[in-house]
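Participant: Pasting a structure below so you can have a look.
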Amino acid sequence: RDTIISVPLQIISRRQILFFHSVLPMFSPTASVRSSCRRWMETVPPLEDGLDLTATASSLRSDHNPSFYNFKRSVAIDSSALNSFASEITDSILANKSLEVTEWDADGWHYTGAHHFGGVAVAIEGAVENNRKSEFKELMRMERVALYILAMDAINFCFWPLSGVGGVDGSIKEKNGLEYEHLAIALRKLAEMDDATDNIYVTNHPNIIAASSYELSPSKLAAMTPNKLQSLLQPHFPPSTSSQSYELPNIQRRCELLKELGDGLMRNHDGSALSMISKANRSADALVRIILDSFPGFRDYVDTSDIPNTTSGWETATSSPTVIHFYKRAQIAVADIWAALGRCQPEFTPFADSESPYKQLHNCCHFTDMNAVTTFPDYRVPQILRNVGVMKYASSLAKAVDDQVELEKSGLDEISIRAATVVAVEDLVQKVKEKLGSMAVMDDSAINRSKLDKLSEDVSAVTIDWYLWQQGEKLDRQNLLEPHHRVRTTYY
């Protein structure tokens, strides 16, 4: 029988305590992404002489992992082009007085819970009814938005393949028009279905748990079937035409990942997304680790000692020097939660009611270490970095990408593209900060120095990623970008 242990602000079972402690050891997923990707770029020799753009006298130090010498990387970072691009970004920041990154729901794609509780009665006992009602409404909105984000990022991958599409050479013969925005909108419409129909009763339970009528509640996700998922989403996609389809590929695997999300939340986190988030103690890095421990489908890494199988276990992966870490969907889920429920919202000031059981939840999405999160190594950011000359591809890889030929999943080309993306964005962040910092030193005005310091603080791998992604989307709509690389994967 589980032993119930009283702790400040929350009651958790012995099993949950063991889980909570299991996610706190020294392994830092975001630091592992940075170090493993840089190690790959610095120690793996280039496939072609022209790719030796990042080599330095100290690049092949003996303390690096020697097993990487067995490989050849097919991507390089052009330091001169990177410096020029950093100057371009810096000029844009100064001209616009900010790094122009749109707000999380600027396009209206996402679920914000803004219309939840329309006409809903909330039954509360006690003298603090009005304050507690307001508190509970806001936390339930946050819970629903967090569940929406987790569900979206659980299945946010690989929209381009169509069932039965692809020649013998792996080339793409048809186009799937489905994009991220279509999935985000479809899931938003599912989330809105019970916005005005829920009946919620407030208790002193320490967690906020979405009603089972919510289509993205853990209980609904855990019971998902492929046919159900198809029937829920397809009506909200654009209609297919004779030249272009709109279908969600790999529906079976996406269903499995949603079931895993629902089961994991109920098994380890009392069926509450906010309960899970609060365990990170406002650390983005800790929340990435909790997501990875809770939901195996987010474990996006490659063990180079086992290519092409890459089947090493999770505990081995967290400590092995042969593993390259990426964790794109886990990191973007944390960034989305921060963008929706932390970055855009003022910190909550608790009511005078000191007995509120929800205090630990109010500001749980205001992460204090967002700079720990890396860029999200998928397809759009390397596409634009290649477009501006920052990333250089070996001739064989360039031809495959330009011909839209699928690359091997977890193969050397894919590893090289993703590792180079992480390192290039890290270096861009450093260069942009250095350029803003040098301007602040030269500025005689304390006010302007303060503004420049604030601009520099806003520059991170996450905000640069968003900036690049948005620029890439604009250029792609104008048909100004060469093709992106293609890998049939569930990680991005």
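Please treat every number below as a calculation from the coordinates, not as lab data. In this text, all values refer to a predicted model and were calculated from it rather than measured experimentally. When we count neighbours, we look across all protein chains shown, and the Cβ atoms used for this are built from the backbone with ideal geometry, even at glycine.
Participant: Can you give the convex hull volume of the alpha carbon atoms of region 406-492 per residue, in Å³?
Facilitator: Value for region 406-492: 115 Å³ per residue.
Participant: Pull up all non-local amide H partners of Ser240: gap of 5 or more, or a different chain, and H-to-H distance under 5 Å with H placed in the peptide plane.
Facilitator: When sequence neighbours closer than 5 places are left aside, the close amide H contacts are Tyr246.
Participant: I'd like the distance between the alpha-carbon centres of region 402-419 and region 446-485, rounded to an integer number of Å.
Facilitator: 24 Å
Participant: Given the peptides 462-471, 143-152, arrange them by the average over their residues of other C-beta atoms within 10 Å, most packed first.
Facilitator: 143-152, 462-471
Participant: Another one. So between Trp314 and His236, what do we pick up on full extension, going 0.36 nm a residue minus the alpha carbon distance?
Facilitator: Roughly 24.4 nm would be gained on extension.
Participant: Roughly speaking, what is the stretch gain from Ala223 to Thr368, that is 0.36 nm per residue apart minus the C-alpha to C-alpha distance, in nm to one decimal?
Facilitator: 48.7 nm
Participant: In addition: Let me check I've understood the local charge: for Leu274, count other residues with C-beta under 15 angstrom from its C-beta, Lys and Arg +1, Asp and Glu -1. What total comes out?
Facilitator: Spelling it out: positives minus negatives among the neighbours equals +1.
Participant: Which far-off residues, 5 or more places away or on another chain, put their amide H under 5 Å from the one on Val405, with H placed in the peptide plane?
Facilitator: none
Participant: In whole Hz and in residue order, list the ³J(HN,Hα) couplings for region 477-484 that follow from phi through the Karplus curve 6.51 cos²θ - 1.76 cosθ + 1.60, θ = phi - 60°; x for Gly and Pro.
Facilitator: Each residue of region 477-484 in turn: 5, 8, 6, 9, 10, 6, x, 8 Hz.
Participant: Order the peptides 207-220, 229-242, 184-197 from the highest to the lowest mean number of other Cβ atoms within 10 Å of their residues. Don't skip to the end; give the middle numbers.
Facilitator: Numbers: 207-220: 21.1, 229-242: 13.2, 184-197: 17.8.
Result, highest mean first: 207-220, 184-197, 229-242.
Participant: Which pairs in the list Lys328/Lys409; Lys97/Lys137; Lys175/Lys474; Lys137/Lys279 are over 25 Å apart, alpha-carbon to alpha-carbon?
Facilitator: Among Lys328/Lys409; Lys97/Lys137; Lys175/Lys474; Lys137/Lys279, the Cα-Cα distance tops 25 Å for Lys97/Lys137.
Participant: Determine ³J(HN,Hα), in whole Hz, for all residues of region 359-371 in sequence, where each value follows from phi through the Karplus function 6.51 cos²θ - 1.76 cosθ + 1.60 and θ = phi - 60°; x replaces Gly and Pro.
Facilitator: Those phi angles translate into 4, 6, 9, 4, 10, 5, 9, 8, 5, 9, 10, 4, 5 Hz.
Participant: Ordered by residue, what ³J(HN,Hα) values in Hz, to whole numbers, does region 240-254 give under the Karplus form 6.51 cos²θ - 1.76 cosθ + 1.60, where θ = phi - 60° and Gly and Pro are x?
Facilitator: 6, 10, 5, 10, 8, 9, 10, 9, 8, x, 6, 4, 4, 5, 5
Participant: Determine the sum of side-chain charges near Ile464: Lys and Arg each +1, Asp and Glu each -1, restricted to other residues whose C-beta is under 11 angstrom from that of Ile464.
Facilitator: -2
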